[in-house]
1. Can residue 87 be described as within 17 Å of the chain's Cα centre (by Cα), surrounded by fewer than 18 Cβ atoms within 10 Å (Cβ to Cβ) and more than 16 Å from residue 207 (Cα to Cα)?
2. Free of Cβ contacts under 8 Å to residues at least 12 places away in the same chain, in contact with a Leu (Cβ under 9 Å, 6 or more places away or on another chain) and either within 30 Å of residue 209 (Cβ to Cβ) or surrounded by 13 or more Cβ atoms within 10 Å (Cβ to Cβ) (or both): which single residue out of 82, 128 fits that description?
3. Among the numbered criteria (1) loosely packed, with under 15 Cβ neighbours inside 10 Å; (2) more than 19 Å from residue 90 (Cβ to Cβ); (3) without any contact (Cβ under 8 Å) to a residue 24 or more places away in the chain, which single criterion is violated by residue 179?
4. Any residue at all in segment 98-120 that's more than 17 Å from residue 210 (Cα to Cα), of a type in the set (S, T, N, Q) and surrounded by 15 or more Cβ atoms within 10 Å (Cβ to Cβ)?
5. Cβ-Cβ under 9 Å, sequence separation 6+ or interchain: first residue in segment 15-28 and of a type in the set (A, V, I, L, M), partner surrounded by fewer than 10 Cβ atoms within 10 Å (Cβ to Cβ). Which pairs?
6. Of everything in segment 185-243 that's of a type in the set (Phe, Trp, Tyr) and surrounded by 18 or more Cβ atoms within 10 Å (Cβ to Cβ), which residue is farthest from residue 152 (Cα to Cα)?
7. Under the condition of being among the hydroxyl-bearing types (Ser, Thr, Tyr) and closer than 27 Å to residue 218 by Cα, which residue from segment 18-69 is surrounded by the most Cβ atoms within 10 Å (Cβ to Cβ)?
8. Take the conditions aliphatic (A, V, I, L, M) and in contact (Cβ under 8 Å) with a residue 12 or more places away in the chain and apply them to residue 102. Does it pass?
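We did not get these values from a lab; they are worked out from the coordinates using the rules stated. Bear in mind that the values here come from a model prediction, so they are computed numbers and not experimental data. So basically every Cβ, Gly included, is an ideal-geometry build from the backbone, and we count neighbours across all protein chains shown.
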Amino acid sequence: MMHRKTLLRLRKDIPEPIFRLSGFLIPLLLLAIWAGVTWLGLVRPLFLPSPWSVIGEGVRQLREGILLEDASVSIYRIIVGWLAATVVAVPLGILMGNYRLMEGLFEPLISTVRYMPVVALIPLSILWAGIGDVQKILILFLGTFFQQALMIMDNVKNIDINLIRAGQTLGFSDGEILRRIVLPAAMPGIWDTFRITIGWTWTYLVVAELVAANAGLGRRIMDAQRYLATDTILFGILFIGLLGLLTDYLFKRAGRSLFTWSSQTR
């Protein structure tokens, strides 16, 4: 058996099976506590339903087709909102990371707006975009874009300046340096930014579906709140968390395949 000190050495790798299994320990412990508390009747089911009630609610939604309908609508909104933010944030972040003038023009505004609560923008978003999908996608865009642009700027700034100087020495134009040197060198960090920011987009889902949504995981949670359906609320929250975890896993796997030479995507 591996000695405890070997497992807890600073910045040292541990066997992959131990690393994988360790991720299940705390969730299983929390699940056991949850089951024990509800089984002993320490908390009323209105406030904390049992795990079996939550699982049963999920099975019911799956059988009735509610879950797949809500999930497909929410996933569509997440993908479109995140992609819209990414399409704008990537070029802007690269420009801010490489040109001081661009950073001076945009960074103060973006840094200010990113601290504004997205939920406070819901009334304005309804006035601007109505109550359809465009309004919900706009909320997801606003919740993701500003942080993503700044993170991509930092990703670009953190590449070795000597790489840029080497390109200048070889006579590359600014465009060639950005395309052939800066972007490939920064791409592992940018990919990790993608992984983090799509996670933020998931956290804004309930806010985006707060008003005038006919379907969606967030809308289901808000409707359940009116009727004190705690099992529906908990299932919705956990299911969104699982979808977010799956998204994170897919980005990690793709990053490892695309950037095998980088330690940032491990």
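1. The answer is yes for residue 87.
2. 128
3. It is condition (2) that residue 179 fails.
4. Yes, segment 98-120 contains at least one residue that is more than 17 Å from residue 210 (Cα to Cα), of a type in the set (S, T, N, Q) and surrounded by 15 or more Cβ atoms within 10 Å (Cβ to Cβ).
5. These pairs meet every condition: 18/2.
6. Here the residue is 235.
7. 38
8. Criteria not met by residue 102.
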